[in-house]
Amino acid sequence: MADIAKLQIGEDTFEFPFVKGTENEVAIDIKTLRGATKGVITIDPGYKNTGSCKSDITFLDGEKGILRYRGYAIEDLAEKADFLEVAYSLIFGDLPSTEQLDKFYADIKAQSVVDDDIKKIIDAFPKTAHPMGVLSSLTSALTAFNPSSVNVDSEEDMYNSIVKILGKFPVLVAWTLRKKQGLPLNYGSTSLGYVENVMKMMFEKPNEEYVVNPIIKDALDKLLILHADHEQNCSTSTVRIVGSSHAGLFASLSAGISALWGPLHGGANQAVLEMLEAIKEDGGDTKKYMAKAKDKNDPFRLMGFGHRVYKNFDPRAKIIKVAADEVLKDLGIQDPILDIARGLEQEALNDPYFVDRKLYPNVDFYSGIIYRAMGIPVEMFTVMFALGRLPGWIAQWKEMRSNKEPIGRPRQIYTGENLRDFVEIEKR
Ligand code: SDX
């Protein structure tokens, strides 16, 4: 391939350099386009063909179903690493040594208490509030109690903001759940590991000693790893663009949580369970829902299917599907929902509508089955996605700020009214 892209507009030819990544992806660098062409820009709704940045963090190949964090295959990380190791590698560039990991966790534990006034904010929410709205609000509110976290100009300040949110976010997640359940807003124990402590804070009953179930701990660790990053998805792009105005890390994360909430994005894991429940209530009539999904006049989509980038199996869905089987078996749970999910998957994988559009199960299709087996309420599923995605958001935000990227400000093509005279209200 030549190393220059040529664009012909009328009689003029414009040349633009290529950018080539370490996995041989190629982009046309058009940063001089508008100036060189005296005003011509590109337009690409949903940015399906547009790169927003160069990044060293995550590589995915949608055609081949490949996902790697910092060069490590997701299959290896899910099998051999734990969530905190993966978080460290995403944020700082490589898997930690034992010493690095021990110091990282010690620094996080030192920041794992939140100001008690946060409870007043939680108390102001109705019990019916969706946990994602509560979590987004609390994450932004953290800035008020940690104003210095906005300043990340030095490496030390950046590190302090990072360990602060990694320490405090699990408390907000647990308290968001417990508020809905009418349980006391407690802390866990710094004698536990990161994921065990999350479980204790979420599930501990006030009148009994909490014992960590290793099956659930391993499954949760794996799920959090699988959700940890996914390059420039909707919520990560949100975190990066909000941070590009030099808004603080916590405010940027709060915006990312709001973006993740949408049912086309992270909210899909909740929507999948609600869909599977509806099919079960409907006598397991999967064919009716397949028909709805294919009907252009019906807004219904097969939730947990399709992906902007994966046009093959989502590698995370493959791992989660196996884990769902194992967890339910190990916990001795028979969940008819899993059988309905498998039936739906088989039907879709043999249906031309899905095959032609390369619609495969994505990360959200099976994850909710495991969360439910863990006793997590369906409204909390996307909160668990946010807990997993936190290190990825942090890593991407840190990369954007460290690279001193410019403020994000896309252009547009105006299609409204041309200049017209003002008309007084009496004459309208
Ligand atoms: C996540 O980007 C990421 O990396 C996200 C994520 C991450 O880790 O951050 O992977 C997490 O968000 C996973 C996706 C979770 N969302 C869902 O499961 C919701 C259901 N899926 C769809 O809404 C959809 O597939 C999207 C939003 C995921 C992707 O949509 P695109 O890329 O914009 O594709 P599209 O809407 O242009 O669809 C192409 C065609 C259309 O049909 P035609 O117009 O060509 O006839 O496929 C159809 C769509 O109608 N289609 C579906 C479908 N998904 C796409 N039809 C029925 N059911 C579906 N689920």
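Of the GluC sites (Glu not before Pro) found in the range 41-121, those that fall in a DSSP loop while having at most 15 other beta-carbon atoms within 10 Å are Glu63.
Can you tell me the dipole magnitude for the range 272-428 around its Cα centre, using point charges on the Cβ only (Lys, Arg +1; Asp, Glu -1), in Debye to the nearest 20?
Magnitude of the dipole: close to 820 debye.
What's the local net charge at Glu281, with K and R +1, D and E -1, over the other residues with C-beta under 14 Å away?
-2
Each Cα pair under 8 Å and six or more residues apart adds its separation to the average, and for the range 195-281 the resulting relative contact order is 18 percent. Farthest toward the positive end of the dipole of the chain, out of Ile28, Ala73, Phe104, is the Cα of Ile28, where the dipole comes from beta carbon charges about the Cα centre. Projecting the Cα atoms of Ala373, Phe300, Trp393 onto the dipole axis of the range 298-428, where Lys and Arg carry +1 and Asp and Glu carry -1 at the beta carbon, places Trp393 farthest toward the positive end. Taking the 1.4 Å solvent-accessible surface of the range 1-102 as the whole, the part contributed by carbon and sulfur is 49%. Applying the criteria of a DSSP loop state and at most 15 other Cβ atoms within 10 Å to the GluC sites (Glu not before Pro) of the range 156-212 yields Glu208, Glu209.
Each helix, a run of at least 4 DSSP H residues, gives -39500 (n - 2.57); summed and divided by the residues of the chain, these come to -16000 deg cm²/dmol at 222 nm.
Restricting the range 358-422 to chymotrypsin sites (Phe, Trp or Tyr not before Pro) that sit in a DSSP loop and have at most 11 other Cβ atoms within 10 Å of their own Cβ leaves Tyr414, Phe422. For the chain, what relative contact order do you get, as a whole percent, if you take Cα pairs closer than 8 Å and at least 6 residues apart? Relative contact order, the chain: 19 percent. Taking a sphere under 15 Å around the Cβ of Ile74 and counting the other residues whose Cβ falls inside, with K and R at +1 and D and E at -1, yields a net charge of -2. Rounded, prolate or oblate: pick one for the range 44-88, where a ≥ b ≥ c are the square roots of the eigenvalues of its C-alpha gyration tensor, a/c under 1.5 means rounded, and failing that, prolate if a/b is larger than b/c, else oblate. Here the range 44-88 falls in the prolate category. Each Lys and Arg Cβ is given +1 and each Asp and Glu Cβ -1; about its Cα centre, the chain then shows a dipole of about 900 debye. A simple rule links phi to the HN-Hα coupling: the Karplus curve 6.51 cos²θ - 1.76 cosθ + 1.60 with θ = phi - 60°, which for the range 18-35 gives 8, 10, 10, x, 6, 10, 6, 6, 10, 10, 8, 7, 9, 5, 9, 4, 5, x Hz, with x for Gly and Pro.
If a/c stays under 1.5 just call it rounded; otherwise compare a/b with b/c (prolate if a/b is bigger, oblate if not). Do that for the range 369-428, with a ≥ b ≥ c from the square roots of the Cα gyration tensor eigenvalues. It comes out oblate by the Cα gyration axes.
Of the residues Thr37, Thr32, ranked by 1.4 Å probe accessible area with the largest first, the sequence reads Thr32, Thr37. For the pairs Lys318/Lys358; Lys222/Lys318; Lys20/Lys398; Lys119/Lys180; Lys164/Lys217; Lys200/Lys318, flag any whose C-alpha to C-alpha distance is greater than 21 Å. With Cα atoms farther than 21 Å apart: Lys20/Lys398; Lys164/Lys217; Lys200/Lys318.
In the full protein context, the chain carries 50 Å² of accessible surface per residue, based on a 1.4 Å probe and ignoring ligands, DNA and RNA. Here the 3J(HN,Hα) profile of the range 207-222, calculated from phi with Karplus coefficients 6.51, -1.76 and 1.60 at θ = phi - 60°, is 10, 8, 6, 7, 10, 5, 8, x, 5, 5, 4, 5, 5, 5, 4, 5 Hz, Gly and Pro shown as x.
In a reduced charge model with +1 at each Lys and Arg Cβ and -1 at each Asp and Glu Cβ, the range 52-119 shows a dipole moment near 200 debye about its Cα centre. In terms of the Cα gyration tensor, with a ≥ b ≥ c the square roots of its eigenvalues, is the range 137-210 rounded because a/c is under 1.5, prolate because a/b exceeds b/c, or oblate? Oblate, since a/c reaches 1.5 and b/c is not below a/b.
The values are calculated or read from the model by the stated rules, or taken from the named source; none is laboratory data. Keep in mind that this is a model prediction, so the values were computed, not measured. As a convention, Cβ positions derive from the backbone with ideal geometry for all residues, glycine included, and neighbour counts pool all protein chains shown. Note: areas computed on protein heavy atoms with side chains; ligands, DNA, RNA excluded. Shrake-Rupley method; radii C 1.70, N 1.55, O 1.52, S 1.80 Å.
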